[in-house]
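Worksheet for the structure shown next.
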Amino acid sequence: MLAAGLSQGVRVMKIVVLGAGVIGVTSAWYLSRAGHQVTVVDRQPAAAMETSFANAGEISPGYSTPWAAPGIPQKALRWMFQRHAPLVLHASADPVRAGWMARMLGNCTSDAYAVNKSRMMRVAEYSRDCLQALRADTGIRYDERTQGTLQVFRKPEQLAAVQKDIAVLKADGVAYEELDVDGCVRAEPGLAHARHLLTGGLRLPGDETGDCHIFTQALAALAAEAGVEFLYDTTISGLEGTPGRITAALTSAGRLTADAFVVALGSHSPALVAPFGVRLPVHPVKGYSLTLPIEDEARAPVSTVMDETYKVAITRLGDRIRVGGLAELAGFDLSLSPRRRATLAKSVGELFGGAGDLNAAQFWTGLRPMTPDGTPIIGATPVRNLWLNTGHGTLGWTMAAGSARVLADLISGQTPQIRADDLAVSRYRRTRRAAQGQARPAAA
């Protein structure tokens, strides 16, 4: 069902994909498999060198949850005074950030949460199926495991609050297991030393794990072998065209013409498309990770454990442990915060103390492209040959393959295998009128 290929009647096109993270590379892969001529452009010297470089490593359809949820405004106020807060809001007079936050707060209702979570899970479940098919088709390896996700709760009120998620899981037919403390330890034996901290858990057996950086670079190599052209070390200064059509991407390698253009630049996507009237409500949300070498196998996780208290994911990646999470609204700042490092270290130290060498840990930060409702933006724009695949937030790795397959089907004039009309940018009430026909320089 998921095999890609050029269907009869599909017009072969020349397509430029802007961005070589996991979203851009998977987009290029499926577009190439559909028979199109594809060029990928990125400012970095290789694929997956920014947000896709050291993310949490979890492929978690069952844990696809909007940050905009009932109770978040009240929690955010409390977190402002906590040292190890999962969400940090920096004061700013930026009207763009203020507008994005207002939209996000508008999604913090029970009704909006149910719609957004169900939509996110639709993309994520499909994406996992696409990834499994891709893995079977190519033999690609990336320290993958298929042993599920365990969300652990330290407080009884967290157990009570998860019932709204369970209701969505039930409605969408997603497998899950509610576990007591003994059940959590059976699923993740390394938690035996931390059982006194736990009150229970929710296990999602259909989830997977893997190293996104390794995957993306391996898939880029396979795509290059299949004929995709990659232009690395190439900056993108803008787009050229009219309000109705893009004629070229302006880059340090020259002016690149194509029949269609795909913007997969994560948090940098809005600046590139804004001059053509496309209002893209994608904002950078800073996340952090630690990568530890394993010292004691018996104490290490076997898959992903999600620490609900700190919103931190602890994932087994081969002979390493990846500890990733947190959310910080700090614009495009990429400085490494010692306080955020301390939170990651606290979470893994309490749950899996002695499993890995914290002194040898690599500390990293990246910018997740977040939408106010948590759902990615995939599909067409009012500019008829300009396409979007961005806004995946913390779930780019989880949703990458499925998002790319949906996009490739749409561009090729095929009907996607999942509903996609509510993924397009048009759900944000269209766009503003284009002010000019050529884009201003973008930091891409």
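Relative contact order of the stretch 40-112, taken over Cα pairs closer than 8 Å and 6 or more residues apart, is 38 percent.
Can you give the Kirkwood hydrodynamic radius for the stretch 305-411, in Å, rounded to one decimal and based on Cα pairs?
Hydrodynamic radius (Kirkwood, Cα pairs) of the stretch 305-411 is 16.1 Å.
Taking the charge dipole of the stretch 268-356 about its Cα centre, with +1 at Lys and Arg Cβ atoms and -1 at Asp and Glu Cβ atoms, the residue from Leu290, Gly356, Val305 reaching farthest to the positive side is Leu290. Charged side chains reduced to their Cβ positions (Lys and Arg at +1, Asp and Glu at -1) give the stretch 216-327 a dipole of some 440 debye around its Cα centre.
For the stretch 257-331 and the stretch 121-166, write down the distance between their C-alpha centroids in whole Å. The two parts, judged by their Cα centres, are 15 Å apart. Computed 3J(HN,Hα) for the stretch 203-212, one whole-Hz value per residue from the Karplus formula 6.51 cos²θ - 1.76 cosθ + 1.60 where θ = phi - 60°, is 9, 10, x, x, 7, 10, 9, x, 8, 4, glycine and proline marked x. Dipole magnitude for the chain: computed about the Cα centre from +1 point charges on Lys and Arg Cβ and -1 point charges on Asp and Glu Cβ, it is near 1500 debye. Each residue of the stretch 393-406 was assigned a 3J(HN,Hα) from its phi angle through the Karplus curve 6.51 cos²θ - 1.76 cosθ + 1.60 (θ = phi - 60°); the sequence is x, 7, 10, x, 5, 5, 9, 4, 5, x, 4, 5, 5, 4 Hz, with glycine and proline shown as x.
Taking amide H atoms as placed 1.01 Å from N in the peptide plane, the amide H of Ile59 lies under 5 Å from those of Glu208, Thr209, Gly210, each 5 or more residues away in sequence or on another chain. For a distance above 22 Å, tell me the whole-number percent of Cα pairs in the stretch 1-110 that qualify. Of all Cα-Cα distances in the stretch 1-110, 60 percent exceed 22 Å. For the stretch 183-259, compute Rg over Rh where Rg is the Cα radius of gyration and Rh is the Kirkwood radius from the inverse mean 1/r over Cα pairs. With Rg and the Kirkwood Rh in hand, the quotient comes to 1.33. Taking a sphere under 12 Å around the Cβ of Glu188 and counting the other residues whose Cβ falls inside, with K and R at +1 and D and E at -1, yields a net charge of +3.
With a 1.4 Å probe and all protein chains left in place, how much of the accessible area of the chain comes from carbon and sulfur atoms, in whole percent?
The nonpolar share, carbon plus sulfur, comes to 52 percent.
Annotation for the stretch 73-126: trypsin sites (Lys or Arg not before Pro) lying in DSSP loop with at most 10 further Cβ atoms inside 10 Å of their Cβ are Arg83. For the options Asn116, Asn55, Asn359, a Gaussian network treatment of the chain with springs between C-alpha atoms closer than 10 Å singles out Asn359 as fluctuating the most.
Sorting 386-399, 280-293, 25-38 by their mean Cβ neighbour count within 10 Å, with the most densely packed peptide first, gives 386-399, 25-38, 280-293.
Computing FRET efficiency as 1/(1 + (r/R0)^6) for Trp79 and Ser252, where r is the C-beta to C-beta distance and R0 is 41 Å, gives about 0.50. Using alpha carbons only, the radius of gyration of the chain set against its Kirkwood radius gives Rg/Rh = 0.96. The charge dipole of the stretch 132-284, taken about the Cα centre with unit charges on the Cβ atoms of Lys, Arg (+1) and Asp, Glu (-1), comes to about 400 debye, rounded to the nearest 20. Mean separation of Cα pairs under 8 Å and 6 or more residues apart, divided by the residue count, gives the chain a relative contact order of 26 percent. Near Leu87: Cβ cut-off under 12 Å, other residues only, Lys/Arg at +1 and Asp/Glu at -1. The net charge is +4.
The values are calculated or read from the model by the stated rules, or taken from the named source; none is laboratory data. Please read these numbers as outputs of a predicted model, since none were measured by experiment. As a convention, Cβ positions derive from the backbone with ideal geometry for all residues, glycine included, and neighbour counts pool all protein chains shown. Side chains are part of the model used for accessible areas, which takes the heavy atoms of the whole protein and leaves out ligands, DNA and RNA. Shrake-Rupley method; radii C 1.70, N 1.55, O 1.52, S 1.80 Å.
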